[in-house]
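**Student:** Input: one structure, supplied below.
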Ligand code: AMP
Ligand code: MG
């Protein structure tokens, strides 16, 4: 048998084949979490002027060095006011955020002054030196400096920098239109009556939750029977209206696993079918005629969730033009034996260990159908194929639920 790709190889295949999402312009207020499709340079020096950082008085440090300790207050310079010059031998009252008045070169904080009748007496033990309590022009960045590169995800600091560059809008990748399609004749909605031989439809909830926690909110849902005609018709509709299809179930070797065949009939080009991993070996991935990403996740609840986190999230990042994310490494907190000759996704609970820091305690399930045992776990680690025993302290990549 041809050897199957490893999880890393499968992820690389997904990243390589995913098509970039379209670009749109959005106003500043609607940019949180989006991925930049343009670069951003500094509009001006930052700070754009010598900026006062304390409420107090601005003086010439030379006067201080000459022995002057008493200064007549010649006026006030507040934040947002045009700069006024310091008349000789005097001081100006200044506020945080104001321009340092030309002629002065430092600020003495109000806490170190005694102010009466328009005069400021400075505590004799204050240390006065040029640029004390001043944030000098261009210290943080220079006009024209490259601040944000294409492919940057916009979090709080990036949004502040974008606004400071004077941009009211920015070009970003569109949010992907995702549809989660579950398949299986045995599945019944929560809230509906259920027979002893039927199963609750739970994967869509878990998958949608994992996506929502990562900021993907444009997620539709459908449920289809194990019927090739219905599958083909409905998947055709979903391909026409979505960028990413996440299918659960119907990709294994069973007689009712019609998903790969239906997808091929619809012109979805198979890139990947099966990965050398447990759980989740039957994973299917392909690219639709209009560049849609199509993931066929095995239906077992643990399999579908680990495959979503390991491959669908990587595909969504690639579509947005994001670079590979650094994977969090974590050490096992107890030894674990991997039996199959497959990469092993082991659910773990994070704990802190005095010697090793944060560790992952193995919390194996009763199999890929056992999602109840995932309660109390934080994610999974990826262990190399067995048979092998991995000692406590073995460092593995960690993926959070
Ligand atoms: P399949 O991959 O379609 O062969 O499904 C494998 C197992 O996962 C079966 O026992 C299914 O009942 C179960 N399963 C499939 N889809 C779901 C779902 N959406 N929610 C819960 N269990 C599911
Ligand atoms: Mg099924």
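Each value in this text was obtained by applying a stated rule to the coordinates, not by laboratory testing. All values derive from a computational prediction rather than experimental measurement. Using ideal geometry, Cβ is built from the backbone for each residue, glycine included, and neighbour counts are taken over all protein chains shown.
**Student:** Binning at 5 Å from 0, report for the stretch 39-97 what percent of all alpha-carbon pair distances ends up in each bin.
**Tutor:** 4, 16, 23, 20, 15, 8, 6, 3, 2, 1, 0
**Student:** Taking the chain as a Gaussian network, Cα atoms linked when under 10 Å apart, which of 261, 307, 91 shows the biggest mean-square fluctuation?
**Tutor:** The residue that fluctuates most here is 91.
**Student:** Here's something else I'd like to know. Over 5 Å intervals from 0, what percent of Cα-Cα pairs in the stretch 1-76 sits in each interval?
**Tutor:** Taking all Cα pairs of the stretch 1-76, the binned fractions are 3, 8, 9, 9, 9, 7, 8, 6, 7, 7, 6, 4, 4, 5, 3, 1, 1, 1, 0 percent.
**Student:** Still on this structure, I have one more. Could you tell me the relative contact order of the stretch 98-172? Use alpha-carbon pairs under 8 Å, at least six residues apart, and round to a whole percent.
**Tutor:** Value for the stretch 98-172: 24 percent.
**Student:** With a Cα-only, solvent-free Debye model of the chain, what are the log10 I(q)/I(0) values at q = 0.06, 0.08, 0.11, 0.13 Å⁻¹?
**Tutor:** Log10 I(q)/I(0), no solvent term: -0.42, -0.61, -0.85, -1.04.
**Student:** Another question, if that's okay. Compute the distance from the alpha-carbon center of the stretch 96-152 to that of the stretch 338-370, in whole Å.
**Tutor:** The distance from the Cα centre of the stretch 96-152 to that of the stretch 338-370 comes to 53 Å.
**Student:** Another question, then. For the stretch 217-341, list log₁₀ I(q)/I(0) at each q in 0.15, 0.17, 0.19 Å⁻¹, using the Debye formula over Cα point scatterers of equal strength and ignoring solvent, two decimals each.
**Tutor:** -0.73, -0.91, -1.10
**Student:** Now a separate question. Using just the helices of the chain, give the 222 nm mean residue ellipticity in deg cm²/dmol: DSSP H runs with n ≥ 4 each add -39,500 (n - 2.57), and the total is spread over all residues, rounded to 500.
**Tutor:** -5000 deg cm²/dmol
**Student:** What do you get for Rg/Rh of the stretch 278-380 when both radii come from the Cα atoms and Rh is the Kirkwood radius?
**Tutor:** Radius of gyration over Kirkwood radius for the stretch 278-380 works out to 1.02.
**Student:** Relative to the longest principal Cα axis of the chain, at what angle does helix 7-17 sit, 0 to 90 degrees, rounded to 10?
**Tutor:** Between helix and principal axis, roughly 80 degrees.
**Student:** Can you tell me the relative contact order of the stretch 172-275? Whole percent, Cα pairs under 8 Å, sequence separation 6 or more.
**Tutor:** 34 percent
**Student:** Still on this structure: Relative contact order for the chain: what percent, with Cα pairs under 8 Å and sequence separation of 6 or more?
**Tutor:** For the chain, the relative contact order is 16 percent.
**Student:** Quick one: Debye curve from the alpha-carbon atoms of the stretch 186-280 only, equal weights, vacuum; give me log10 I(q)/I(0) at q = 0.12, 0.17, 0.18, 0.23 Å⁻¹ to two decimals.
**Tutor:** -0.46, -0.95, -1.06, -1.45
**Student:** Any idea what % of Cα-Cα pairs in the stretch 117-220 are farther than 21 Å?
**Tutor:** Counting pairs separated by more than 21 Å, the tail of P(r) holds 67 percent.
**Student:** Provide the FRET efficiency to the nearest 0.05 for the residue 221-residue 358 pair, computing r from the beta carbons and using R0 = 35 Å.
**Tutor:** The pair residue 221/residue 358 has a calculated efficiency of 0.50.
**Student:** Next question. Considering the Cα positions of the stretch 23-132, please state its Rg to one decimal place and its Dmax as a whole number of Å.
**Tutor:** 19.1, 63
**Student:** Right, another one. For a quick check, take a GNM of the chain with Cα springs below 10 Å and name the residue from 201, 69, 177 with the largest mean-square fluctuation.
**Tutor:** Fluctuation is largest for 69.
**Student:** In addition: Just 94, 52, 115 to compare: in a GNM of the chain, with alpha carbon springs under 10 Å, which one fluctuates most?
**Tutor:** Result for the chain, Cα springs under 10 Å: 115 fluctuates most.
**Student:** Hey, another quick one. To the nearest Å, what is the center-to-center distance of the stretch 185-213 and the stretch 16-78, using C-alpha atoms only?
**Tutor:** Here the two parts' Cα centres lie 51 Å apart.
**Student:** What FRET efficiency comes out for the pair residue 198/residue 395, r = Cβ-Cβ distance, R0 = 45 Å, nearest 0.05?
**Tutor:** Here the calculated transfer efficiency is 0.60.
**Student:** R0 = 30 Å: FRET efficiency of residue 129 with residue 70, Cβ-based, nearest 0.05?
**Tutor:** So the FRET efficiency works out to roughly 0.95.
**Student:** Also, quick follow-up: Taking every DSSP beta bridge that has both residues in the chain, what percent is antiparallel when rounded to the nearest 5?
**Tutor:** The antiparallel proportion sits near 70 percent.
**Student:** Please give the contour-minus-distance gain from residue 115 to residue 39: 0.36 nm per residue of separation, less the Cα-Cα distance, rounded to one decimal in nm.
**Tutor:** Gain on stretching residue 115 to residue 39: 22.4 nm.
**Student:** Here is a follow-up. At 0.36 nm per residue, and after removing the present C-alpha to C-alpha distance, how many nm does the segment from residue 372 to residue 79 gain when stretched out fully?
**Tutor:** 99.6 nm
**Student:** Calculate the radius of gyration of the Cα atoms of the stretch 321-401 to one decimal place, then report Dmax, the largest Cα-Cα distance, as a whole number, both in Å.
**Tutor:** 12.8, 39
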